[in-house]
Amino acid sequence: MRYFALFGNPVSHSISPRLHNSALQGLGQSGIYGRVLLEQGSDIIAKFRKYNLSGANITIPFKESALTLCDELDKIAADIGSINTLVNKNGKIKGYNTDAPGFMMAILEFGKIDKALILGAGGTAKALAYILSINGVDVEILNRSDKKSQFVNYKFHTHSSFTPSGYDLVINTTSAGLCKNELPCDEAILKDILGSSKFAFDVIYNRPTPFLNLAKDMGLKFKNGKDMLLYQAVLAFNLFYNNKFDELKITELMSKAFEL
């Protein structure tokens, strides 16, 4: 029996266990995937070892704090500065980031993106900024507080010093809208942003967020984080098993879990 888990706070809303357990069952693997609510990120590795996990995923707000605790890092995860996947490699714990490639798979239907604005400056924002940038997209960051030092390769704005310049894609990576009816920034600013944009994407997947509702009302094509969640989970699951399974088969099994 192999054990896997999701670390984060909150985690009660997450359907990651449903996705991974569906894949485990469908592929005939002896394993179980659960949730672990953490109070502080420094406990991740200790909990990982305590529960004898073979692999784990990390959600907000611990994607950055876990980075320095790993024995090894995948190059992409190191470049991004954020991880969402842990794998036990012969006793050593290696960190990966599957958010970035999972996101790119999720936005394929939008077509060509030349310029993007990311709302938020956490671990997910780092992953998406990185993957968009290496795919030739001009990326800007907008956040309440000044974290410019963590995004030196991108144009960084705070709410008080921001003037929209027109974007193909606007992405909410904040937790605004996850549990409450909150917007990621002031409504007037957001309307100004969306008014000159084409597409909107919210990494939140479990409910219609005020951000996406506003984008819909303003006529933008939009997506929630369901497909990103799916694809990052597919990639993470295969990392747990040394990439020995067919991604299309994992995707098929996990997709069925959304219907449960």
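The values are calculated or read from the model by the stated rules, or taken from the named source; none is laboratory data. Nothing here was measured: the structure is a model prediction, and the numbers come from that model. In this analysis, Cβ positions are derived from the backbone assuming ideal geometry, glycine residues included, and neighbour counts consider all displayed protein chains. Heads up: the accessible areas ignore ligands, DNA and RNA and are worked out on the full protein's heavy atoms, side chains in. Shrake-Rupley method; radii C 1.70, N 1.55, O 1.52, S 1.80 Å.
Values as computed for the structure displayed
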item	result
Heavy-atom accessible area per residue - the range 152-193, 1.4 Å, Å²	51 Å²
For the chain, share of DSSP beta bridges that run antiparallel, in % to the nearest 5	20 percent
Net charge contributed by nearby residues that have their C-beta within less than 14 Å of F240 (K/R +1, D/E -1)	+2
Helix 16-26 vs. the chain, principal-axis angle (Cα, 0 to 90°, nearest 10)	40 degrees
Highest to lowest packing among 115-123, 127-135, scored as the average C-beta count within 10 Å	115-123, 127-135
T68-S133 pseudo-label distance in nm [points 7 Å out on the Cα-to-Cβ vector]	2.1 nm
14 Å reach of a label modelled at R2, 7 Å along Cα-to-Cβ, counting backbone N of the range 80-111	86-91, 94
Charge context of A176, other residues only, Cβ under 14 angstrom, K/R +1, D/E -1	-1
Rounded, prolate or oblate (a/c below 1.5 giving rounded, otherwise prolate when a/b exceeds b/c) for the range 101-223 by Cα gyration tensor	rounded
Cα long-axis angle, helix 247-257 against the chain (0 to 90 degrees, to the nearest 10)	80 degrees
Coil-residue GluC sites (Glu not before Pro) of the range 13-75, DSSP, other Cβ within 10 Å capped at 16	E39
The chain - mean residue ellipticity at 222 nm from DSSP helices (-39,500 (n - 2.57) per run, n ≥ 4, rounded to 500)	-9500 deg cm²/dmol
Furthest towards positive pole of dipole, S54, T174, L239, structure part the chain, Cβ charges	S54
Share of carbon and sulfur in the accessible heavy-atom surface of the chain [1.4 Å probe, %]	48 percent
Theoretical FRET efficiency, 1/(1+(r/R0)^6), r = Cβ-Cβ of S161 and L108, R0 22 Å, to 0.05	0.10
Cα gyration tensor category, rounded, prolate or oblate, for the chain with a/c compared to 1.5	prolate
Chymotrypsin sites (Phe, Trp or Tyr not before Pro) restricted to DSSP loop in the range 188-235 with at most 11 other C-beta within 10 Å	none
Förster radius 41 Å - calculated FRET efficiency between D186 and A78, Cβ distance, rounded to 0.05	0.70
